[in-house]
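Here the structure is laid out as structure tokens; the discussion comes afterwards.
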Amino acid sequence: MLNVLGFDPSLVSSGFSYTDINGLVHTGRVRPKTRFTPRLDFVATSFDDLLDCLYIQYKAAPLVVYEGYSMGSPMKRGGVGRFFDIGEQGGVLKLIAYRKGINVLLVPPTSLKKFATGSGGAKKEEVIKSIADVWGYDIPHNDEADAFILMQMGLAYLNKRKARKKHRIEALNGCSMQLCK
């Protein structure tokens, strides 16, 4: 089994997805009830715990596949200050991975959608439907669905045969690897 953690960061509800050593898929959400520094601490601790859990199971560091910033969204929900909140959280999470020696594959939101559906402009509902149709999982929450696709992208990145389709290969080409060393 390949050790990959898909993580869809958000200030309100971050999604995660991974497979355990038996190949079972796990998805979930990290939902802080606080704001500002306590929120950063809650999300960072949860992320750190996920990384430790995967390291213990696999006896090796996972590849983290992380959705990059969606620069249009914060303006809709809270203005420019949200950019700083999102940037702080992203920096904290990337720093945790770096300090643990874990590589991070950064995925633009359009690449995630393209990998899932063939279209970089797909709606969240289309991503969720694609997961059911292609992979056979019923994932009701869009943050978990994004994390599931991120995990699939990481698996395909590590094993190119899993990409198969042209749109998935193109989606992976839009990603960038941040090496820990």
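Coordinate-derived values only; no laboratory data. Keep in mind the model is a prediction, meaning the values are calculated, not measured.
A few remarks follow.
- Only helices enter the 222 nm calculation for the chain: every DSSP H run of n ≥ 4 contributes -39,500 (n - 2.57), and dividing by all residues gives -15000 deg cm²/dmol, rounded to 500.
- For the chain, share of DSSP beta bridges that run antiparallel, in % to the nearest 5: 60
- Prolate/oblate/rounded call for segment 5-57, Cα gyration tensor, a/c under 1.5 rounded: prolate
- For segment 76-181, averaging the sequence separation of C-alpha pairs within contact (under 8 Å, six or more residues apart) and dividing by the residue count gives a relative contact order of 37 percent.
- Among (1) 0.97; (2) 1.27; (3) 1.04, the entry that matches Cα Rg over 2.2 N^0.38 Å as calculated here: (1)
- Computed over segment 1-123, relative contact order equals 24 percent, with contacts defined as Cα pairs under 8 Å that lie 6+ residues apart.
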